[in-house]
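What follows is a single structure, written as structure tokens, with notes after it.
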Amino acid sequence: MFLELTGEQRLIQDTAREFAKAELDPIAATLDQEGDPPAFLANLRKLAELGFMGLNVKDEYGGAEAGVVAFSVAITEIARACASTAVTLSVNNMVCEVIQAAGSEAQKKAYIPKICSGEFSAGAFGLTETGAGSDPSGVATQAVLDGDQWVLNGSKIFITSAPYAGVFVVWAVTDRSVPKGKGISCFLVEGGTPGLVIGKEEHKTGQHASATNELLFEDCRIPKDALMGKLNDGFRIAVGELAGGRIGIGSLGLGVGLAAIDYATQYSTERTQFVQNISNFQAIQWMIADTYTELEAARLLLMNAAFKKEQGKPFAKEASMAKMYATEAANRACYKAVQMLGGYGYTVDFPVERYARDVRITAIYEGTNEIQRTIISRDILRGIV
Ligand SMILES: Cc1cc2nc3c(=O)[nH]c(=O)nc-3n(C[C@H](O)[C@H](O)[C@H](O)COP(=O)(O)OP(=O)(O)OC[C@H]3O[C@@H](n4cnc5c(N)ncnc54)[C@H](O)[C@@H]3O)c2cc1C
């Protein structure tokens, strides 16, 4: 067993850390409080130039081909400074990976290089609908073949990066006569296609710089060859890709949790009460000890899942374990960080309140943690009963 990063993985981690410190940290609070979409998008372009948009994507499609472990450590470093940037990176990588796994050669060549190079600010993953959240088989958006075109009608909600995405991976029902989930297919829809309408933007608790929008399909016509993978195989494609995405979200949660406890620990060595630093109090020391221990456990779970995926081994249970544990540990870390700052932690003058808001969603998106528990226990019980 060798638990160290390779030279290349360390280099990627260092590059991400330096970029986060130099470019993301200084504007993260402004992005959160006031918003600055041009600055946010400019940083995405710079990250694309550094090769961060397709870390686990093949070189022939413009990716860095650096693997899943490198992807995980990079997301963590970016999230330490700006969770909104990290989620955009994570979704972009997921979109590239799903096209790489299920797309035709022409589709791979047409779209993946544009995301990796930054020509597209983002790609979007269009699965969730009002009736299809934890249960994606409930997708109701329809795709009907009309001559040499598919006609899409319906709507999606909560779609990350929708206003600036160059391409959307979209799931729609192509056969209504079969049981739920069996007649869903996957399509690629270019941004700006007539009939693809970017709907209402959600006003969220956190991750303010990352746009989350409704998507409407109003007789949206796309070419017949915009179908990705086999007809009616979309549900399998979605489930497979979500497992990989969970490593990204767990890594993101870990980054936010680390940022929070690093800040609070430093603060505890500077804040004086009862004529001494609050770091002298055992209550504070135990919060520090518990939090760093839990985040280290989270890191190891993430590395295990990432390594298994990289090796081509089954990794779905491990990804769910890592996502569930890391995001809950990170939520606890942010809660404790606010507590360690006392009243100051509850004000926007200190970053820990932003971390606490940004981290909350990590236990919800990419499959809620209740769904992760279902996946994990189903896998374990399958081996027993
Ligand atoms: C900021 C943000 C960004 C997002 N980005 C994207 C995106 O880019 N693309 C995309 O497709 N989606 C996206 N989503 C959607 C996200 O993945 C869903 O919100 C999530 O999967 C949960 O679905 P839901 O909100 O409908 O909750 P529901 O499914 O309604 O769940 C409500 C509650 O019921 C519980 N529950 C449901 N079913 C079960 C069960 N079987 N067992 C136990 N408990 C259960 C849940 O755990 C939860 O606590 C995003 C969401 C947000 C908020």
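The values are calculated or read from the model by the stated rules, or taken from the named source; none is laboratory data. Since this is a predicted model, take the numbers as computed values, not measurements. Every residue, glycine among them, receives a Cβ derived from its backbone with ideal geometry; neighbour counts consider all protein chains shown. For the accessible areas, the whole protein counts, side chains as well, though only heavy atoms, and no ligand, DNA or RNA atoms are used. Shrake-Rupley method; radii C 1.70, N 1.55, O 1.52, S 1.80 Å.
Could you work out [θ]222 nm for the chain from helices alone, using -39500 (n - 2.57) per DSSP H run of at least four and dividing by all its residues? Round to the nearest 500 deg cm²/dmol.
Here the helix-only value at 222 nm equals -17000 deg cm²/dmol.
Using a 1.4 Å probe and ignoring any ligands, DNA or RNA, find the accessible area of MET94 and quote it in Å² to the nearest 10.
10 Å²
Could you tell me what percent of the accessible area of the chain is made up of carbon and sulfur, with a 1.4 Å probe and every protein chain present?
Taking all protein chains in place, the chain shows 55 percent carbon and sulfur surface.
First select every other residue whose beta carbon is under 10 angstrom from the beta carbon of CYS334; then total the charges, Lys and Arg +1, Asp and Glu -1.
Net local charge, CYS334 excluded: +3.
In the full protein assembly as shown, how much of THR174 is accessible to a 1.4 Å probe, in Å² to the nearest 10?
40 Å²
By per-residue mean of other Cβ atoms within 10 Å, what is the highest-first order of 252-259, 370-377?
252-259, 370-377
Would you calculate the volume per residue, in Å³, of the smallest convex hull containing every Cα atom of the chain?
Taking the convex hull of the Cα positions in the chain, it is 142 Å³ per residue.
Tell me which GluC sites (Glu not before Pro) from the range 20-88 have a DSSP coil assignment and no more than 12 other beta carbons within 10 Å of their own.
For GluC sites (Glu not before Pro) across the range 20-88 that sit outside H, G, I, E and B with at most 12 neighbouring Cβ atoms in 10 Å, the list reads GLU34.
Might you tell me the accessible area per residue for the range 1-54, computed with a 1.4 Å probe and given in Å²?
The answer is 60 Å² per residue.
Using only protein heavy atoms and a 1.4 Å probe, report how much of ASP379 is accessible, in Å² to the nearest 10.
Roughly 60 Å² of ASP379 is accessible to a 1.4 Å probe.
Quick one: if you stick a label point 7 Å off each Cα along the C-beta vector at GLU18 and SER377, how many nm between them?
Those two pseudo-labels are separated by 4.8 nm.
Taking +1 at the Cβ of each Lys and Arg and -1 at the Cβ of each Asp and Glu, which of GLY199, LEU145, THR130 sits farthest along the dipole of the range 75-204 towards its positive end, judged by Cα position relative to the Cα centre?
Comparing the listed Cα positions along the dipole, THR130 ranks first.
Aspartates and glutamates near LYS336 by alpha-carbon distance under 19 Å, same-chain residues fewer than 8 away left out - which ones?
Reachable aspartates and glutamates: ASP262, GLU270, ASP290, GLU294, GLU296, GLU328, ASP349, GLU353, ASP358.
Which loop-located trypsin sites (Lys or Arg not before Pro) does the range 1-70 contain, where loop means any DSSP state but H, G, I, E or B and the Cβ has at most 16 other Cβ atoms within 10 Å?
Answer by residue number: LYS58.
Can you compute the charge dipole magnitude of the range 329-379 about its Cα centre, using +1 on each Lys and Arg Cβ and -1 on each Asp and Glu Cβ, nothing else charged? Give it in debye, rounded to the nearest 20.
Its charge dipole is roughly 120 debye.
Give the residue from ALA29, CYS96, PHE19 lying farthest towards the positive end of the charge dipole for the chain; charges sit on Cβ (+1 for Lys and Arg, -1 for Asp and Glu) and the dipole is referred to the Cα centre.
CYS96
Note down the nm distance, to one decimal, between modelled labels 7 Å out along Cα→Cβ at LEU3 and at GLU60.
Computed distance between label sites LEU3 and GLU60 equals 3.8 nm.
Taking the solvent-accessible surface of protein heavy atoms with a 1.4 Å probe, what is the per residue accessible area of the range 152-279 in Å²?
41 Å²
Compare TYR111, TYR263 by solvent-accessible area with a 1.4 Å probe and give them largest first, with all protein chains kept in place.
Most to least solvent-accessible, the answer reads TYR263, TYR111.
Relative to the Cα centre, what is the charge dipole magnitude of the range 1-160, using +1 at the beta carbon of each Lys and Arg, -1 at the beta carbon of each Asp and Glu, and rounding to the nearest 20 debye?
For the range 1-160, the charge dipole is close to 20 debye.
Among the listed pairs LYS204/LYS308; LYS156/LYS230; LYS58/LYS180; LYS58/LYS224, give every one whose C-alpha distance is greater than 29 Å.
LYS204/LYS308; LYS58/LYS180
When only C-alpha pairs under 8 Å and at least 6 residues apart count, what is the relative contact order of the chain, in percent?
Averaging sequence separation for qualifying contacts and normalising by length gives 16 percent for the chain.
To the nearest 20 debye, what charge dipole does the chain have about its Cα centre, counting +1 at the Cβ of each Lys and Arg and -1 at the Cβ of each Asp and Glu?
920 debye
Would you list VAL57, VAL348, VAL239 from the most to the least accessible area, probe 1.4 Å?
Correct descending sequence by accessible area is VAL348, VAL239, VAL57.
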